[in-house]
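Before any comments, here is the structure.
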Amino acid sequence: MPVNSAIAPTTVSRIAANIVELGPVYKLVEQDFVAVNGLIPKQLTSGVDLVEEIGNHIIESGGKRLRPLMVLLGAHCCGYPGDDHIRLAAIIEFLHTATLLHDDVVDRSDLRRGRVTANAIWGNAPSILVGDFLYSRAFQLMVEMDNMDIMAILSDATNTIAEGEVMQLANVGNRHVSEQQYMEVIRCKTALLFQAATHTAAVLACDESATITALRDFGLHFGLAYQLVDDWLDYAGDSEVMGKNVGADLAEGKLTLPLIYALAQSPREFVARVDEVLAGKSSDSLDDIISIVRDSGALDYTQRVARDQTQLAITCLDRLPESDYRDAMETLTYFCVTRLS
């Protein structure tokens, strides 16, 4: 297949200069996306009006739908001729949406992507129950696909994602979390669904173990890089762009990589101030802590770790045959890391 020049491999700096150029990536699977976006509301139908109201609220709340996009690109990377990848992309989106509903309740979030959260409008109990509905609807769709390998991957992933959420919750307020422990948390709670998206797409589309492994590992490294960039943005970003306050993770008592690194480099006085914030005793030091983290070298370090994961993801793609779809996944990966600039 000839390489589409609009999404051909390029340098990080060139993509950074043309960050809006994700259009050609979506254009490549435009008809698939239309089909996915048509299937999602059909599968949200319920005899209970509140289920549809809350489901539609979060489904329509924006976002790039990167996970279903990866399903579509991954399936086409393997030359998939059928249409079950449409159903699979919707399943992945439902699983992701369910986790968002639950996360917002756990985190007591009022905003997501600059929009009022479902729990802030309807309350915690309805949000949790509609999250459960989306999980169960996703598994109904899996049954319709009648592919036990895919069901095994997604059921294992869903279970591990839940474990990751519990690990994160257990670590709230714990400044002794190590970098290794934190990387395991983000592997479970964030990267695993990206991995499941590309892994299941490959399993659906082909039976070549090397290709399946390459796409599975690509999703993992992409997901780790994506979360690490989010960690960086939480200290270096802009509140209006992110749709949430800078330092939101710290205010919630969560240690992410920038703070873990800064704690290891800073004097006892800084550690004591962090302890106060984590214990919820004072929010007065929040701005000072953010400034110290920025000055500690933690953001540069987080950038390096994110870029390392990005390069690992690109290396996985190098193991796949050349195609427009592989090149689109490479462009998507570079786009992820350009958020650091």
Bin by bin, in steps of 10 Å, what percent of the Cα pairs in the chain do you find, going until the bin that has the longest distance? 5, 25, 34, 25, 10, 1, 0
Around Val36: net Lys/Arg minus Asp/Glu count, Cβ-Cβ under 10 Å: 0
For the chain, with only Lys/Arg (+1) and Asp/Glu (-1) charged at the beta-carbon, what is the dipole magnitude about the Cα centre, in debye rounded to 20? 340 debye
If R0 = 56 Å, then Thr45 and Arg268, at their Cβ-Cβ distance, give a FRET efficiency to the nearest 0.05 of 0.45
For an R0 of 22 angstrom, estimate the FRET efficiency from the Cβ-Cβ distance between Thr213 and Ala152 and round to the nearest 0.05. 0.85
Does a label point 7 Å from the Cα of Arg115, set along Cα-to-beta-carbon, have any residues of segment 35-73 with amide nitrogen under 12 Å, and which are they? 54-65
Can you give the calculated 222 nm mean residue ellipticity of the chain, where each DSSP H run of n ≥ 4 adds -39,500 (n - 2.57) and the sum is split over every residue, rounded to the nearest 500 deg cm²/dmol? -23000 deg cm²/dmol
Label-point separation (nm) for Val106 and Glu322, each offset 7 Å from Cα along Cα-to-Cβ? 4.4 nm
Can you list residues whose amide H is under 5 Å from Arg112's amide H, if they're 5+ apart or on another chain and H is modeled 1.01 Å from N? Thr117
How far apart, in nanometres, would the label points at Val34 and Ser136 be if each is projected 7 angstrom from Cα along the Cα-to-Cβ direction? 3.4 nm
Can you pull out the GluC sites (Glu not before Pro) in segment 160-266 whose DSSP state is coil and whose Cβ has at most 16 other Cβ atoms within 10 Å? Glu208, Glu252
On Cα atoms only, tilt of 209-236 relative to the major axis of the chain in degrees: 30 degrees
Ala279 paired with Glu52, simple spin-label distance in nm, labels 7 Å along Cα-to-beta-carbon: 5.2 nm
Extension gain Arg175-Asp308, at 0.36 nm per residue separation less the Cα-Cα distance, in nm? 45.4 nm
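Values quoted throughout were computed directly from the atomic coordinates according to the rules given, and no laboratory measurement underlies them. Values in this document were obtained by computation on a predicted structure and should not be read as measured data. With ideal geometry, Cβ positions are generated from the backbone for all residues, glycine too; neighbour counts draw on all protein chains shown.
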